[in-house]
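Heads up, the thing below is written out as structure tokens.
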Amino acid sequence: MTRRAELVLLLAVALEIAVFSALAPAFFSLANGFEIVRSSVELGLLAVALTPILVSGGMSVDPDDKTPEGIRKSGAVVETHGFPVLPGSMFLMAYLGDTPVMGLSGCVLHDPFTAFDVLLPRLLAGEKITRAEIMAMGHGGLQRKHDH
């Protein structure tokens, strides 16, 4: 951002503060300032708490693949390495403390809907996903093709 753009932005914010302060006298108060800081801290903590770790590369059936080994060596507890839904059958779900760690196979780059898409909304909603829940997504001994 250029110095001129920064100055224009600063003047716009100053004008906004002046207008809001004229309309609502409590707007430019110390109490409101503390409330803004408190809300920002809460939002930041929530963002950190809901941030999964995504790891990709080397997620095939080869036992020498380094990504699953690296996730395990990080101290993460693996729920499952394998997913009964295609595409994404080599998906890995783990937890490093309370932080979800997802090992993603290459299909997440080219398929419009994968195992990752099935679980991500639930993780962002704060759910802890277990091996039993993942395995229940299969049908009998067969993998299910997940068509959105």
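Just so it is clear, none of the values below were taken in a lab; they were calculated from the coordinates. None of the values given here were measured: they were computed from a predicted structure. Cβ placement follows ideal geometry from the backbone for every residue including glycine, while neighbour counts extend to all protein chains displayed.
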| remark: Going from the fewest other Cβ atoms within 10 Å to the most, one would list 105, 89 as 89, 105
| message | Taking the 0 to 90 degree range and rounding to the nearest ten, how far is the long axis of helix 30-49 tilted relative to the main principal axis of the chain, both from C-alpha atoms? | response | 10
| Radius, Kirkwood style, for region 84-138 when every pair of distinct Cα atoms is counted (Å) | 11.6
| field | Between helix 115-124 and the chain: long-axis angle, C-alpha atoms, 0 to 90°, nearest 10 | value | 40
| Residues with amide H under 5 Å from that of residue 85, placed H, sequence gap 5 or more | 144
| remark: Taking only C-alpha positions in the chain, Rg and Dmax in angstrom work out to 22.9, 68
| request: State whether region 3-49 is rounded, prolate or oblate according to the following rule on the C-alpha gyration tensor (a ≥ b ≥ c being the square roots of its eigenvalues): a/c under 1.5 gives rounded; otherwise a/b larger than b/c gives prolate, and the remaining case gives oblate. | output: oblate
| field | Backbone HN-Hα couplings from phi across region 9-21 [Karplus 6.51/-1.76/1.60, Hz, Gly and Pro as x] | value | 5, 4, 5, 5, 5, 4, 5, 4, 4, 4, 5, 5, 5
